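A short worksheet on the structure shown next.
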Amino acid sequence: MEFSEIEPEELPLSSNMDAAVQEKCQQVLAERNKALPAQSGKKSGKDLNQDDIQIVDRLYLQKNFKALSETAQKID
């Protein structure tokens, strides 16, 4: 395995450190965003039941729970 030498970057004074860190973060994010595909207008992966809430009995959470109807028992 061959290693290449890394040249250290010269760090700014502490008063400019926050600005330097922010600038470097923006560079990294911009580079990462280049690799992302352009988003289309459609939301094909959205779950239609994502925000549904149901209040259930504690028995529902047990693995041996049996629903009142056969069709409700088969729901995944």
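The values are calculated or read from the model by the stated rules, or taken from the named source; none is laboratory data. These numbers were taken from a predicted model, which means no experiment stands behind them. Here the Cβ is made from the backbone with ideal geometry for all residues, glycine too, and neighbour counts use every protein chain on show. To get the accessible areas, we keep the full protein, side chains included, count just its heavy atoms, and leave off ligands, DNA and RNA. Shrake-Rupley method; radii C 1.70, N 1.55, O 1.52, S 1.80 Å.
Below, the figures for the structure above:
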item: Nearest-10 value in Å² for the accessible area of D52, using the 1.4 Å probe; result: 100 Å²
item: Proximal lysines relative to K46, as straight alpha-carbon distance under 27 Å, when same-chain residues fewer than 8 apart are discounted; result: K34, K74
item: For peptides 57-69, 16-28, sequence by mean Cβ density within 10 Å, most packed first; result: 16-28, 57-69
item: Set of aspartates and glutamates near K24 by C-alpha distance (under 15 Å), chain-local residues within fewer than 8 positions excluded; result: E9, E10
item: With DNA, RNA and ligands ignored, accessible area of I75 (1.4 Å probe; Å², nearest 10); result: 130 Å²
